[in-house]
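Remarks on the structure that follows.
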Amino acid sequence: MTDAAPTPAAAPLPFGVAELLAAVAGSRSVLDLGCGSGRLTVALARDGADVTGFDTSGARLEDARERAAEAGVRLTLVEADMDDPLPFPDAAFDGVTSRLALMIAADPVATLRELGRVLVPGGRLATALWAALPENPWFDAPRAAVRAVLGEERASFARAFGTLGDPEDAARAHVAAGLEAVEARLVRERVPRADAAEHWRSLATENGHFRRVDEALTETDRHAVVSEVAARLAPFAEGDGLAIPRALVLVTAVRP
Ligand SMILES: C[S@@+](CC[C@H](N)C(=O)[O-])C[C@H]1O[C@@H](n2cnc3c(N)ncnc32)[C@H](O)[C@@H]1O
């Protein structure tokens with residue numbers, strides 16, 4: 001008998017993470033682009049890969065470090081910019097992942113080319129991007145409500161949302177970067193909410209863009225925004241509450 005501390009239980013996987021894990025399963029070393037606070041990165045390490053995450057945000061990398069420590073896994077975390085040549089040698093990784101980050105790149109094809117360079121021949125790449133806005137009323141409706149009530153300036157955030165959000169466009173970018181066996185598909189789910197007020201509260205808690213909008217609201221403005229969100233989400237009523245669609249584009253590819 002040993003007294004080894006039990007491994008902490010994993011939290012439910014964020015949207016798209018299960019699909020990304022499956023796409024690179026068995027890769028011994030994985031690079032995670034725009035790893036942020038490490039939600040995918042830690043899940044990859046829990047799956048047994050030797051994982052390197054990179055991001056431009058030192059604060060997010062610090063969050064990822066804490067998440068890894070809590071999960072009892074080791075990560076290599078690097079501050080780097082996907083718009084620059086990546087600070088990794090050729091063929092350094094068996095797998096590459098990117099969740100909700102590639103659409104921010106100044107030139108996604110150039111970034112994908114760099115990702116291909118750091119993959120071994122035959123190495124797998126898996127990219128998840130938010131699908132186009134009409135597939136994502138969970139985000140589009142509240143931002144449109146902010147625009148309608150508070151004006152364009154307050155709604156001018158997350159402009160990259162939906163870029164490469166059509167599976168054909170996303171696949172084309174991967175092919176243009178020299179990757180092969182490119183397949184792209186939509187992954188859909190519905191977010192259950194009691195009502196629009198609950199949806200707004202959860203966005204204002206979990207999403208930095210909406211948190212900043214919410215923090216600046218008067219009670220009157222908040223009420224107006226939530227009423228507008230409710231009107232825009234009315235088509236998604238289900239039972240006593242809402243079931244709000246959201247969707248990702250998942251692309252898988254292989255380095256020739
Ligand atoms: C929406 S978050 C996704 C984070 C993480 N992949 C996840 O699934 O939770 C986008 C991330 O891309 C990072 N990012 C933005 N521009 C970047 C760049 N030029 N190079 C690398 N990372 C970047 C941001 O700091 C942020 O952590």
Of the residues 129, 125, only one is within 30 Å of residue 49 (Cα to Cα), more than 11 Å from the ligand (Cβ to nearest atom), under 16 Å from the mean Cα position of the chain (by Cα) and part of a strand (DSSP E or B); which? 125
State the number of residues belonging to region 71-86 that are within 18 Å of residue 41 (Cα to Cα), within 13 Å of the ligand (Cβ to nearest atom), in a loop (DSSP other than H, G, I, E, B) and not small (Gly, Ala, Ser). 3
Search result, residues across region 97-122 that are within 15 Å of the ligand (Cβ to nearest atom) and in contact with a strand residue (DSSP E or B) (Cβ under 6 Å, 6 or more places away or on another chain): 97, 98, 99, 101, 102, 103, 115, 118
Check 47, 107, 84, 63 and return the single one that is surrounded by fewer than 24 Cβ atoms within 10 Å (Cβ to Cβ), more than 20 Å from the chain's Cα centre (by Cα) and not small (Gly, Ala, Ser). 84
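Test of understanding: among 100, 33, which residue is surrounded by 22 or more Cβ atoms within 10 Å (Cβ to Cβ), of a type in the set (A, V, I, L, M) and under 26 Å from residue 247 (Cβ atoms)?
Details: 100 fails: surrounded by 22 or more Cβ atoms within 10 Å (Cβ to Cβ).
Only one candidate passes the filter, namely 33.
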Residues of region 21-41 being within 10 Å of the ligand (Cβ to nearest atom), of a type outside the set (Lys, Arg) and closer than 25 Å to residue 91 by Cα, in sequence order, are 32, 33, 34, 35, 36, 38, 40, 41
Could you please give the count of residues in region 161-175 that are of a type outside the set (A, V, I, L, M, F, W, C) and over 15 Å from the mean Cα position of the chain (by Cα)? 6
Answer with yes or no whether residue 146 is assigned to a strand (DSSP E or B), under 24 Å from the mean Cα position of the chain (by Cα) and surrounded by 15 or more Cβ atoms within 10 Å (Cβ to Cβ). no
Over region 87-101, the set of residues among the charged types (D, E, K, R) and assigned to a strand (DSSP E or B) is 94, 99
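Taken together, the values in this text are just the output of simple stated rules run on the coordinates, not laboratory data. If you're wondering where the values come from, they're calculated on a predicted model, not measured in any experiment. Neighbour counts run over all protein chains shown; Cβ positions are idealised from the backbone, glycine included.
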